[in-house]
Amino acid sequence: MRKIYDCDPGCPVQNTMMFLAGKWKCVILYHLFQEEVLRFSELQRKLPYVNKRMLAKQLLELEKDEIIAKKVYPVYPLKTEYSVTDFGATFYPIIHEMMNWGEKYLDAVR
């Protein structure tokens with residue numbers, strides 16, 4: 001778990017962003033909230049504009065922060081599944097509101 005900052009006003013936002021900062025983390029969480037469990041290859045299909053290395057890096061950071069869990073099956077080819085942890089589930093309201101805002105924005109510009 002990362003360090004929690006005890007600092008100036010606005011710091012609670014900084015504490016939140018320290019977990020969600022990363023270009024694709026919120027999008028990864030969005031898809032995991034929709035599907036509950038996704039394999040690496042499924043995430044790649046859902047994020048075709050994200051290269052494999054960047055996706056792996058963002059997943060590793062989410063895993064290190066205990067937001068997602070990774071399950072590796074001892075088969076060939078290697079099978080990995082990702083799911084949201086209980087701690088990760090606490091980010092659902094944030095991701096849900098981001099989705100709502102994005103939908104309203106799209107409606108406004110159409």
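The values are calculated or read from the model by the stated rules, or taken from the named source; none is laboratory data. Predicted model, so just to flag it, every value in this text is computed and none were measured. Here the Cβ positions follow ideal geometry from the backbone for every residue, glycine too, while neighbour counts run over all protein chains shown.
Evaluate segment 33-41: report whether one residue or more is closer than 24 Å to Asn15 by Cβ, out of contact with any Leu (no Cβ under 6 Å at 6 or more places or on another chain) and of a type in the set (A, V, I, L, M). The answer is no; no qualifying residue exists. If the condition is being part of a loop (DSSP other than H, G, I, E, B) and loosely packed, with under 12 Cβ neighbours inside 10 Å, then segment 9-52 contributes Pro9, Gly10, Ala21, Lys23, Glu36, Pro48, Tyr49, Asn51. The residue pairs whose first member lies in segment 39-50 and is free of Cβ contacts under 8 Å to residues at least 24 places away in the same chain and more than 15 Å from Lys70 (Cα to Cα), whose second member is among the small types (Gly, Ala, Ser) and surrounded by 12 or more Cβ atoms within 10 Å (Cβ to Cβ), and whose beta carbons are closer than 8 Å, counting only pairs six or more residues apart or on different chains, do not exist in this structure. One residue stands out in segment 1-33 among those that are more than 10 Å from the chain's Cα centre (by Cα) and either at pLDDT 95 or above or aliphatic (A, V, I, L, M) (or both): the one that is nearest to Met99 (Cα to Cα), namely Met17.
Within segment 95-110, no residue that is touching a residue at least 60 places away in the same chain (Cβ under 8 Å) and within 15 Å of Leu20 (Cβ to Cβ) sits with its Cβ atom under 8 Å from a residue that is exposed (fewer than 10 other Cβ atoms within 10 Å of the Cβ) and of a type in the set (Phe, Trp, Tyr) at 6+ positions apart or across chains. Val75 fulfils the conditions (1) at pLDDT 95 or above; (2) more than 11 Å from the chain's Cα centre (by Cα); (3) of a type outside the set (Ser, Thr, Tyr) except for a single criterion, (1).
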